[in-house]
Amino acid sequence: MTTLKHPAHALPAELDGFRVDVDVERQRADIVLARPPFNIVSMPQRDQLRLVFEALDEDERVRVIVLRAEGEHFSSGGDIKGFLQASPERVSKLAWNIAAPARCAKPVIAAARGYCFGVGFEISLACDFRLVSETAQYALPEQKLGQIPGSGGSARLQKMVGITRTKDIVMRSRRISAQQAYDWGVATEIVPDGELEAATDRLVAELLAFSPLAQRTAKKLLNDTEDASLSASIELEGHCYSRLRSSDDFREGVEAFHGKRAPVFRGS
């Protein structure tokens, strides 16, 4: 594992079922699910994923985070036996842990192929961008276990696709294809299976060209106004715009535009 420092907790020396790769030169961190072939997510792994996202959020070397997996499947879901062994208190924290990508101020990309079920789907929904290969399949199969999604899946999905489609997926434990996910606005982009890594690289490079300050502001604004009224959203957008207007990055952007050169943003 790449050495990381969490501001409040000691990260474990060995991570359970995943690893972290930090490419300082490319300002990129990859969280790689590494329990193939199905990359089942254990209960301890959920806690560790949250801690790693929080650590990377504080890591000045990292601008963009990619969540991906080894093998032909992103994740078939959680460790079912682990749910029976976990205490009610621990289970109540499931959604908080899996929402870590959404709380992270930096852009987070989920790149998935194959099965993206249960918690795999839920943590993808908490990311900002979802790149999928044509082999990807999404599902929330908890009804087959006498349960419901417990890590924010049904709530996030309903915001994206509406109640009718969400009931179809959740109440029938129905799988949807990569193409359907793209058509419904769940997936950001769909590519041939062999091009998933290249598409991820392109998106990372694109995001790195923008002001990190403007990116953090945009992400927080969009997340905070998802449930707000139109008038409140416009008001908050105006305040954010006004704050960015006095930033060094905005000045650099304007000067670069008029000078017909590429801007050099510094995040201030």
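The criterion of at least 3 residues that are in contact (Cβ under 8 Å) with a residue 40 or more places away in the chain is met, among helices (runs of 4 or more DSSP H) falling completely within region 1-91, by 43-58, 80-85. When region 156-204 is filtered for residues that are in a helix (DSSP H, G or I), under 24 Å from Glu226 (Cα atoms) and open to solvent by 60 Å² or more (accessible area, probe 1.4 Å), the ones remaining, listed by number, are Arg156, Gln158, Lys159, Met160, Ile163, Thr164, Arg165, Lys167, Tyr182, Asp183. Checked against the criterion of being touching a His at 6+ places or on another chain (Cβ under 7 Å), more than 24 Å from Gln137 (Cα to Cα) and of a type outside the set (Lys, Arg), region 61-68 contains not a single residue that satisfies it. Residue under question is Arg50, and the condition is that it be open to solvent by less than 10 Å² (accessible area, probe 1.4 Å), among the basic types (Lys, Arg) and closer than 30 Å to Arg174 by Cβ; does it hold? Answer is no for this residue. The set of residues in region 216-245 that are within 29 Å of Leu56 (Cα to Cα) and either among the β-branched types (Val, Ile, Thr) or touching a residue at least 24 places away in the same chain (Cβ under 8 Å) (or both) comprises Arg216, Thr217, Lys219, Lys220, Asn223, Thr225, Glu226, Arg243, Leu244. Restricting attention to region 77-119, the residues that are over 15 Å from the mean Cα position of the chain (by Cα) and either over 25 Å from Arg175 (Cα atoms) or open to solvent by 40 Å² or more (accessible area, probe 1.4 Å) (or both) total 15. Take Ser211 and tell me if it is modelled with pLDDT of 95 or more, among the polar types (S, T, N, Q) and closer than 21 Å to Val64 by Cα. Answer is yes for this residue.
The values are calculated or read from the model by the stated rules, or taken from the named source; none is laboratory data. Computed from a predicted model, the values in this text were never measured in an experiment. Cβ coordinates were reconstructed from backbone atoms using ideal geometry, including for glycine residues, and neighbour counts include every protein chain displayed. The accessibility values were calculated without ligands, DNA or RNA, using every heavy atom of the protein model including side chains. Shrake-Rupley method; radii C 1.70, N 1.55, O 1.52, S 1.80 Å.
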